[in-house]
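Each value in this text was obtained by applying a stated rule to the coordinates, not by laboratory testing. As the structure is a computational prediction, the values presented were derived from the model and not from experiment. So basically every Cβ, Gly included, is an ideal-geometry build from the backbone, and we count neighbours across all protein chains shown.
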Amino acid sequence: MPNGKLRTKLNLLTMRGDKDGTASMFQLIRYRSTAPPTAASPKFPLLLHPSPTQEENLISRLGVALCTCPEGFQLRYLGSYMLDVPARLGHNPALDTAVECLLQSHSQLLRVRSSPSGRVPTDSKYSKALRALQGAIVDPTLAMSAETACAAILMCRYEMMMPEARGAQYVTHAQGACNLILLRGPGAISTEFERGLLRAQTGQLVLNAFFWGEDCVLLQDSWQHVTRGKQKTFKVTKLDQLFETVYHIPSLVKQISDFKNGKSVMNMDQLTSYAKRLQEELVSLSATEATSSKATEGTDQDLGYDQILLWADDDIFPIVLSFHSREGAVFHSWVWMASLMVDMCMDNLVPDPRLRDSMSEAARRICMCYEYVSLLKPIGALYLQLQLTAAYYVSDQRQRDWIVEKVNIIMEDLHIHFSSSYFETIGSLLFKGLS
């Protein structure tokens, strides 16, 4: 018979949460202690509660920040990959220190929200996390790990949430995370966690294509295997399907801008056909999603919405949209932004007042998302900033002033302020001189 006292250990494997609560998966391990028995046991043994390890403490704190803090502050809104982070702690110093850093800025964000005087100075966690990330990037093994890419994304989110401004470092980490994902390549994406990291940076990769005037890298054949969901292990969402069309818009904008300057490799018929195809894909995707189906009703896949008359005194957008899920708000706001941009491309080829009306309607619907999204600020509302920027580009001055005001309300907890010049600069980078 084996020697040693039989002991039990409980390991946290994973943690997932939604609006109804948090579900955790644990592993129960039984083993025999190799420590020699004590000479005598006390008559009344003490009930011992061992202190949690540093890793267990970090997992516990992250679990609270993911799903149980106030709704708009829950870190799960940063992306689906966040729910897989607890199970990956303890293996890569860059990820562990990035989570520590993120939780520090998150706790300060909550503290400042409840008490404006509650802001505290940052400590050395930021410097420690930067050193760990830099060390992982130069390590041949760690540089190619999903945890290192995740650490870069989390440092980007930290920069976004911290109370002190750090200039362009937010952009630096966002670009760095994209570079790490691209360096690993599509062949390295084999889990939902890795797929979630790619989803989290998809918007940045599309923006890079707009800003640099090139095709989106995710249009390359090697990436299509992942983005089109050809790997059966991945769940393909409506948003994934939508982005298959969105990936083409930077190419269309560039080609039409070049065409107007006499430099395009495509002729008028080819460009018109390209734009019409994207229009048809967007119409097809959005047509069946405005109302709920019985199969998705009440779930995250319920992309439906209702129109509601706003009681507040808002004579610009008196009717607002109430979405059945945050996923529905994200999906439709991206559809309307994409439609606006494709219609503008088409209008620059074949001017048509109906296209102008369609652009105005898309911008109006993006703005009608604000009331719903504002309930999820700050973290759950961040995504709408880009769509409102596109709406700003095609709006009149009165609506532009409204957009600037509302974006700053969304971002006020993050101590970020946007001016009209910001929207004009980003709009010109997106639309490349199209009017």
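Please work out how much length the chain gains when fully extended from Thr141 to Arg111, using 0.36 nm per residue of separation minus the C-alpha to C-alpha distance, in nm with one decimal.
Values: separation 30, 0.36 × 30 = 10.80 nm, distance 3.81 nm.
Residue separation times 0.36 nm, minus the Cα-Cα distance, leaves 7.0 nm.
Assign unit charges at the C-beta atoms only (+1 for Lys and Arg, -1 for Asp and Glu), then state the dipole size of the range 347-435 relative to its Cα centre in Debye, rounded to the nearest 20. The partial results should precede the final answer.
Details: 9 positive and 11 negative charges, 26 e Å.
So the magnitude is around 120 debye.
Report, to one decimal in Å, the Kirkwood hydrodynamic radius for the range 172-285 based on all distinct Cα pairs.
Values: mean 1/r = 0.0659 Å⁻¹.
When all Cα pairs of the range 172-285 are included, the Kirkwood radius is 15.2 Å.
Under a crude label model (7 Å from the Cα following the beta-carbon direction), how far is Asp315 from Gln385 in nanometres?
With each label point 7 Å from Cα toward Cβ, the separation is 3.2 nm.
Under the 0.36 nm per residue contour assumption, what length would be gained going from the current alpha-carbon distance of Ile308 and Leu375 to full extension? Intermediate values should be presented prior to the final figure.
Working: separation 67, 0.36 × 67 = 24.12 nm, distance 1.52 nm.
Value of the extension gain: 22.6 nm.
At a Förster radius of 22 Å, what calculated FRET efficiency corresponds to the Cβ-Cβ distance of Val350 and Gln220, to the nearest 0.05?
Details: r = 30 Å, r/R0 = 1.37.
It comes out at approximately 0.15.
Of Lys128/Lys377; Lys238/Lys276; Lys260/Lys406; Lys125/Lys254; Lys276/Lys377; Lys238/Lys263, which sit over 32 Å apart, Cα to Cα? Before the final figure, lay out each step's value.
Numbers: Lys128/Lys377 29 Å; Lys238/Lys276 21 Å; Lys260/Lys406 34 Å; Lys125/Lys254 42 Å; Lys276/Lys377 36 Å; Lys238/Lys263 35 Å.
Cα-Cα > 32 Å for Lys260/Lys406; Lys125/Lys254; Lys276/Lys377; Lys238/Lys263; rest within.
Once the piece of chain linking Thr425 and Val265 is laid out straight, how much longer is it, given 0.36 nm per residue of separation minus the C-alpha distance between them?
Numbers: separation 160, 0.36 × 160 = 57.60 nm, distance 2.71 nm.
Difference between extended and current length: 54.9 nm.
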